[in-house]
Amino acid sequence: MSHWIIAPVVLPAIVGAFTLLVLRNTLGSARAISTAATATLLAIALYLMWGASHEGPEAYFLGNWPAPFGIVLVLDRLSALMVALAAFLALVVQLYAIGTGWDAKGRHFHALWQFQLMGICGAFLTGDAFNLFVFFEVLLIASYGLMIHGGGRDRLKAGVQYVAYNLVGSTLFLLGLATIYSVTGTLNMADLAAKLPSLPQGDAALIRVAGVMLLMVFAIKGALVPLHTWLPATYAQAPGPVSALFAVMTKVGAYAVIRLYTLVFPADLPATGPLFADLILAAALLTLAVGGLGVLGARGLGRLVAFAAITSMGTLFVAVAQFTPEATAAALYYALHSTLAAAALFLLADLVLARRGQWRLAAAPRIAQQGLIASLFMAAAIAAAGMPPLSGFLGKLLILDATRGPWLAVIWSGILISSFLVILGFAKAGAVLFWKSHADATPPAPHAPQPLAFVAVGALLAGLVGLTLAAGPVTAWLSTTAAELHDPAAYIAANKLGGQ
């Protein structure tokens, strides 16, 4: 299946360029072709997942140049899983954008959407740290265009802040990569994994500095405190479908940490030891606290959902920081859950905004379709807060069960207290939005029913239900995935054999 590995990068790149050059003035055709391309991407991603599950890691060398000289894409269970998650989310949210007319508010929405998918899929599949930087830049450019889609002063201001933060991250990324290359002469991840354990002791300090710089980059992408401040304004001001797609972009940061710090900088690497695990855990616990308090104190629905996303990233990174197969499997399960839950909440927030005309959490007249929106909001809030019976509860249980070591009491307390704060915040918001509506006021203003938008939200919630019902086989598959990550011999061997 080697040639299919590049399809998730090439397909959106070609469709994005074609849409930009040919279909920018024909919305109907752009919708049809872009949606068909995203659906095809999902089918390809599922096929790649099947192949990775049965055949193990496989490398694809562009131009058949071997490592470390050529550009390499590597398919394994983790990369296939993340591409499938991104494709599913993109398809559902794209249908929402069409159903609500968001894609009609700018001529280049579908082209940018495809370029965004190109960057996301490329970041998940690349086996080279420099090309991870390249795909991060593709993400930045496309996401900025989507961020300011539809215009508006507040949106443009948040977009400038978003770009400024990410440009700082890009600078750190280049400095970190340059430092690693100066020491090792390679940026191929598998090649680095083979070379770093035997580095001279005199180069250990440079590797530690480079690893910390890269960690700061991924902390920006993953919204870890104190590098999270770009996220609330960005997610609250972005168009609803764009914020929902951004739910998987924070997972790019988490993915990069899992990939590089199990493969290139493992805890048993003599030059670094447990340094990175300690830094990630401390930042994750702070993120839990800031996110939980942010949800409780939010005065607008957009910021409330954004801080809930920050809290979920704190929970995810708490599991990642333990760097054990059990905790990594729990982190992957929670990453699937939190992506779908955050996306559903952003779409519901957009539905509420379209009917209320304001983000502020204050009593207002009833809105059209209030009963349906309130029911969906309650289900999504239960999932995001980690309450039973949905997958958020199971994900947090898996993380707590996998927690070991001297930080056990702190981690348990942080997760449980932050969950309680999120429950309180969502309960307060739901009461204000739906229970304190002026029932005796004039009937709600009419609004288009937008059935496709509600189908999209329902699909995300159905995904959460599916994760809950299939928790046994899903966690078994993820446990095998985590075991491969912590024993990367097959990944390294695929890189060595792929170019021959």
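With charges only on Cβ, +1 for K and R and -1 for D and E, what is the dipole size of the chain about its Cα centre, in debye, rounded to 20?
For the chain, the charge dipole is close to 1620 debye.
How much of the DSSP bridge set in the chain is antiparallel, in percent, rounded to the nearest 5?
90 percent
Over the chain, average the accessible area per residue using a 1.4 Å probe and give it in Å², no decimals.
Value for the chain: 37 Å² per residue.
Would you list the P(r) distribution for the stretch 85-159, with all Cα-Cα distances sorted into 10 Å bins from 0 and each bin expressed as a whole %?
It works out to 19, 45, 29, 6, in whole percents.
Based on the Cβ-Cβ distance from residue 431 to residue 199, what FRET efficiency comes out when R0 is 51 Å, to the nearest 0.05?
0.30
What does the highest-first list of 401-409, 253-261, 344-352, 294-302 look like by mean Cβ count within 10 Å?
Result, highest mean first: 344-352, 253-261, 294-302, 401-409.
Which order do 50, 477 take by accessible area at a 1.4 Å probe, largest first?
Order by accessible area, largest first: 50, 477.
Got a sec? What order do 3, 228 fall in by accessible area at 1.4 Å, biggest, i.e. largest, first?
3, 228
Select from 340, 399, 359 the residue farthest towards the positive end of the dipole of the stretch 332-409; place +1 on Cβ of Lys and Arg, -1 on Cβ of Asp and Glu, and compute about the Cα centre.
359
What is the log10 of I(q)/I(0) for the stretch 6-46, computed with the Debye formula using one identical point scatterer on each Cα and no solvent, at q = 0.21, 0.27 Å⁻¹?
-0.61, -0.87
Sticking with the crude label model, points 7 Å out along Cα→Cβ, report the distance from residue 353 to residue 286 in nm, one decimal please.
The two pseudo-label positions are separated by 2.9 nm.
Would you mind telling me the share, in percent, of accessible area of the chain contributed by carbon and sulfur at probe 1.4 angstrom?
Carbon plus sulfur share of accessible area: 70 percent.
In terms of modelled amide H atoms, which long-range or inter-chain residues lie less than 5 Å from the amide H of residue 368?
The list, which skips near neighbours in sequence, is 445.
Roughly how big is the stretch 108-211's charge dipole about its Cα centre, with Cβ charges of +1 (Lys, Arg) and -1 (Asp, Glu), in debye to the nearest 20?
So the dipole magnitude of the stretch 108-211 works out to roughly 320 debye.
Whole angstrom only: what separates the Cα centroid of the stretch 104-125 from the Cα centroid of the stretch 225-252?
Between the Cα centres of the stretch 104-125 and the stretch 225-252 lies a distance of 16 Å.
Just list whichever of 396/496; 157/396; 105/221; 251/428; 221/496 have alpha carbons separated by over 32 Å in the model shown.
396/496; 157/396
For 124, 133, write out the residues from largest to smallest accessible area, computed with a 1.4 angstrom probe and no ligands counted.
133, 124
Regarding the chain, what are the three Cα extents along the principal axes, ordered largest first, in Å?
76, 57, 42
The values are calculated or read from the model by the stated rules, or taken from the named source; none is laboratory data. This is a predicted model, so every value here is computed, not measured. Please note: Cβ atoms are built from the backbone with ideal geometry, for glycine as well, and neighbour counts cover all protein chains shown. Ligands, DNA and RNA are stripped out before the accessible areas are found, and what is left, the full protein with its side chains, is counted by its heavy atoms. Shrake-Rupley method; radii C 1.70, N 1.55, O 1.52, S 1.80 Å.
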